[in-house]
Amino acid sequence: MGKYQRLSRSAPPPRRPWTIHPIWRGIGCLMLLIGPIVAVAAAHILLDMNLERAWFAVPREFAAPYTLPEANYTVTHFFGDLLVAGVFLLIGFALIMIVYSIIYSIMGPPRYGPLDAPPVSGRGRSLRR
């Protein structure tokens with residue numbers, strides 16, 4: 001037996017005092033499925049409208065059509081769609097995190113529990129050298 005191994009492994013791991021409601025797993029799964037679909041659709045619409053109105057310049061490599069060889073189907077600005085969809089995903093999930101943190105700070109548990117010491121009030125005394 002090694003120096004850092006336990007002698008007894010028969011004790012089960014301790015149980016958590018809380019459980020997660022199963023609906024939150026379903027909401028997370030839906031967010032992981034719906035988020036990229038909405039981001040790709042929004043990117044495609046944005047780049048189509050950009051072709052008509054010329055809001056910003058798109059490099060030729062990102063605006064070039066891409067032909068899927070197996071399906072013989074051409075997708076306009078495929079790589080541009082992927083790049084803009086990635087940006088939309090980052091922005092969307094950042095907004096979700098900000099909204100969640102605001103709601104959690106308002107409705108979440110208190111900052112200090114019953115076993116915590118009260119916060120220190122005052123600045124303390126200044127030290128002289």
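Every read-out reported here was derived from the displayed coordinates using simple, explicitly stated rules and does not represent laboratory data. Because the structure is predicted, anything quoted here is derived from the model rather than measured. Methodologically, a virtual Cβ is constructed for each residue, glycine included, from the backbone with ideal geometry; neighbour enumeration extends over all protein chains shown.
Below, the figures for the structure above:
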{"read-out": "The chain: angle of helix 22-53 to the longest principal axis, Cα-based, in degrees nearest 10", "value": "30 degrees"}
{"read-out": "Note, ³J(HN,Hα) from phi for region 96-109, Karplus 6.51, -1.76, 1.60, rounded to Hz, x at Gly and Pro", "value": "5, 5, 5, 4, 5, 5, 5, 5, 5, 5, 7, 9, x, x"}
{"read-out": "Given charges at beta-carbon only (K, R positive; D, E negative), |dipole| of the chain in Debye", "value": "1600 debye"}
{"read-out": "Ratio Rg/Rh [Cα only; Rh per Kirkwood] for the chain", "value": "1.25"}
{"read-out": "Kirkwood Rh in Å, taken over region 35-106 so that all alpha-carbon pairs contribute", "value": "13.7 Å"}
{"read-out": "Long-range HN-HN contacts of Val75 with modeled amide H, under 5 Å", "value": "Tyr66, Thr67, Leu68"}
{"read-out": "In Hz, Karplus ³J(HN,Hα) per residue of region 66-82 (6.51, -1.76, 1.60; θ = phi - 60°; x = Gly, Pro)", "value": "10, 9, 7, x, 6, 9, 6, 10, 9, 10, 6, 6, 5, 5, x, 4, 5"}
{"read-out": "Filtered GluC sites (Glu not before Pro), region 28-129: DSSP coil and at most 14 other beta carbons within 10 Å", "value": "Glu70"}
